[in-house]
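A.B. asks: To start, I am sharing the structure in question, which I have written as structure tokens.
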Amino acid sequence: MAILKILQYPDERLHLVASRVDVFDDALKTLVADMLETMYAAPGIGLAATQVDVQKQLIVIDFSENRNDPLAIANPRIISTSGKSTLEEGCLSVPGIYETVDRAENILVEAQDIEGKFFEIKADGLLSVCIQHEMDHLKGRVFIEYLSRLKQTRILARMKKLARERM
């Protein structure tokens with residue numbers, strides 16, 4: 001397993017749209033293991049393949065207390081939504097930024113596991129928000145793009161300053 005480099009906003013690669021996972025092989029299982037290791041090390045509760053510069057529709061999630069209940073989802077598609085949730089979100093690609101975003105409270109998602117088998121997930125609360133957040137990454141969208149233009153501008157300035165300080 002390896003820790004992968006997480007792309008940082010405003011990296012343009014974060015706006016690329018992911019393609020479907022068509023091959024469910026050992027390379028995919030290795031990628032999932034690497035993504036989980038990367039997410040745990042960051043630390044985070046969700047990670048999309050696009051955040052590690054792999055343009056595939058693949059996400060991993062684990063918000064269990066002991067970090068021992070990982071979920072890997074390929075080719076997710078929201079079938080239905082209901083209700084409204086407003087939770088504070090953060091993102092490994094936008095470190096240190098936390099903002100409130102409106103999302104669906106309940107979702108039904110069709111997806112594939114790492115073997116390629118189709119399954120459905122009924123999610124609410126944090127799992128629902130996390131899936132929607134990570135699915136946005138697969139569409140080339142970062143959560144701060146739900147915010148006002150003023151907040152986006154301030155966050156962009158802060159991220160550019162952090163990038164300069166890392167050099």
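Any read-out appearing in this document is the output of simple, stated calculations on the displayed coordinates, not a laboratory observation. These figures come from a predicted structure and were not determined experimentally. Positions of Cβ are backbone-derived with ideal geometry, glycine not excepted, and every protein chain shown enters the neighbour counts.
A.B. asks: Take the stretch 119-159 and flag every residue that is without any contact (Cβ under 8 Å) to a residue 60 or more places away in the chain, assigned to a loop (DSSP other than H, G, I, E, B) and of a type outside the set (A, V, I, L, M, F, W, C).
C.D. replies: SER148
A.B. asks: While we're here: For the stretch 1-118, list the strands (runs of 3 or more DSSP E) that sit wholly inside it and hold at least 3 residues that are at negative phi and under 13 Å from the mean Cα position of the chain (by Cα); which are they?
C.D. replies: 46-48, 58-61, 71-82, 85-91
A.B. asks: Take the residues in the stretch 93-109 that are farther than 11 Å from ILE144 by Cβ and free of Cβ contacts under 8 Å to residues at least 40 places away in the same chain; name whichever of them is surrounded by the fewest Cβ atoms within 10 Å (Cβ to Cβ).
C.D. replies: Going through the qualifying residues, I end up with THR100.
A.B. asks: Shifting gears a bit: Filter the stretch 1-44 for residues that are of a type in the set (Ser, Thr, Tyr) and either in contact with a helix residue (DSSP H, G or I) (Cβ under 9 Å, 6 or more places away or on another chain) or under 19 Å from ALA163 (Cβ atoms) (or both) and give the result. Write out each step before concluding.
C.D. replies: Narrowing the stretch 1-44 to residues of a type in the set (Ser, Thr, Tyr): 9, 19, 30, 38, 40.
TYR9, THR38, listed by residue number.
A.B. asks: For the stretch 140-167, what are the residues that are among the small types (Gly, Ala, Ser), under 22 Å from the mean Cα position of the chain (by Cα) and either more than 19 Å from THR86 (Cα to Cα) or crowded, with 16+ Cβ neighbours inside 10 Å (or both)?
C.D. replies: If the condition is that a residue be among the small types (Gly, Ala, Ser), under 22 Å from the mean Cα position of the chain (by Cα) and either more than 19 Å from THR86 (Cα to Cα) or crowded, with 16+ Cβ neighbours inside 10 Å (or both), then GLY140, ALA163 are the ones that fit.
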